[in-house]
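First up is the structure itself, then whatever we jot down about it.
The values are calculated or read from the model by the stated rules, or taken from the named source; none is laboratory data. Computed from a prediction, not measured in an experiment: that's the story for all the values here. Using ideal geometry, Cβ is built from the backbone for each residue, glycine included, and neighbour counts are taken over all protein chains shown. The area values use the complete protein model at the heavy-atom level, side chains included, leaving out ligands, DNA and RNA. Shrake-Rupley method; radii C 1.70, N 1.55, O 1.52, S 1.80 Å.
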Amino acid sequence: MTHMNRRAVVAGAAAISGAAGLRPMPTWAQDYPQRPVRLIVPYAPGGGTDVFSRLLAVRIEREFGQSFVIDNRAGGASVIGTRAVAEAPGDGYTIGMVDSAFVTNPGLLKDKLPYDTRKDFIPVSLLSRTQLVLCVHPSSPFKTAKELVAHAKANPGKLTFASAGIGTGIHLAGEQFRQVTGIEIVVVPYRGGAPALADFLSGKVDFTFGAVPTIKPHIEGGKARGLGVTRGRAPQLPDIPSMEELGYGSVDSASEMGIIAPTSTPASIVEKLQRISANAVKDPAFRAMLLERGFQPIGSTTEEFRAHVDREIEKWIKIIAAGNVKPE
């Protein structure tokens, strides 16, 4: 039997560990970031995703010690900007902010999508959700969602629904509502949320869904009546019941925003991005500010966000196919 002293055993184990790749984290990963980080927002300035991204960037710059530069890459229902993230080097210096189009586009565009949503990105953290409110005009006879559904069933094809455009969260909320309740409605498509909201407020259409930050002042000002909220009660509008409470829990369309990175981004950088961004939205003062603006902070882990993306893609593929929804 061969005997070895303890020092020799330890030295040998260290050599084996080094050969197996168990080396210290590279200095560049430990010290990330060394220069400004580009955060691609796939929409024009001024929208909800852009506003949230700018608020977050200011907050996390303090922790990272580097600036986060917002790069608006609008077009193609968010595809242009998201593609730029997929094609960027995986060094942590180009990341992206995505919204719900990230998980609905696979069902809408199918093989026309120039990237693989599941394979070409790392979903770093789901950070925020903006809920939608089912609304009617204050002159409407409907005081509850049940009354609206009952009238629609008794008068198929008579009620009009204001859609913010094919494939938008508002349009898909209306499609979910139609499928879940079995009603027949006339979908009136608009090119964006602003004209859809304008015609709704003027009484030209019977009902719509509105994002909490957009519709809240109109509800509080008596210009709209909220009947139900997707994804639980909204903290900003606590008196309006959730769709779950009304028996329509499957109507869950909402604008959800999260950070993504190119798939080749090192795990150490992903972990730092996730930890700092998730902690930021959970900070009491920042959380309160986000809630005031209509954003519902989340701050998920990377694993939770990945599982959420997978579930949402599968859900929307089925809903879009059932509704025969075609992109414009």
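Miscellaneous remarks
- Segment 86-208 shape via C-alpha gyration tensor axes, a/c threshold 1.5: prolate
- Measuring against 25 Å, Cα to Cα, the residue pairs LYS223/LYS315; LYS223/LYS282; LYS110/LYS216; LYS282/LYS318; LYS119/LYS315 contain LYS223/LYS315; LYS223/LYS282; LYS110/LYS216; LYS282/LYS318 as the ones spanning a longer distance.
- Which of ALA164, GLY228, LEU201, positive extreme of dipole for segment 159-229 (C-beta unit charges): LEU201
- Shape class of segment 166-316 from the alpha-carbon gyration tensor: prolate, with a/c at 1.5 or above and a/b greater than b/c.
- Principal-axis tilt of helix 6-19 within the chain, Cα atoms, nearest 10 degrees: 50
- Taking every C-alpha pair closer than 8 Å and separated by at least 6 residues, the mean separation divided by the residue count of segment 176-307 gives a relative contact order of 18 percent.
- Counting only protein heavy atoms and a probe of 1.4 Å, the accessible surface of the chain is 55% carbon and sulfur.
- With all protein chains kept in place, the per residue accessible area of the chain amounts to 47 square angstrom at a probe of 1.4 angstrom.
- Value of relative contact order over the chain, rounded to a whole percent, pairs C-alpha under 8 Å and six or more apart: 25
- Listed residues MET289, MET243, MET97, most fluctuating in the chain (Gaussian network, C-alpha, under 10 Å): MET289
- Among 61-70, 205-214, sorting by the average number of other beta carbon atoms lying within 10 angstrom of each residue, highest first, gives 205-214, 61-70.
- Over the chain, DSSP H runs of length four or greater, each weighted -39,500 (n - 2.57), average out per residue to a 222 nm ellipticity of -13000 deg cm²/dmol.
- Considering only ARG59, ARG311, ARG225, the Gaussian network model of the chain with Cα springs below 10 Å gives its largest mean-square fluctuation to ARG311.
- Within the straight-line cut-off of under 22 Å between alpha carbons, the lysines reachable from LYS158 are LYS143, LYS146, LYS204, sequence neighbours fewer than 8 places apart in one chain being disregarded.
- Across the alpha-carbon atoms of the chain, the computed radius of gyration and Dmax are 23.4, 94 angstrom.
- Gyration tensor verdict on segment 254-298 (Cα atoms; rounded if a/c is under 1.5, prolate if a/b is larger than b/c, oblate otherwise): oblate
- Bridge orientation summary for the chain: considering DSSP beta bridges with both residues in this region, about 60 percent are antiparallel.
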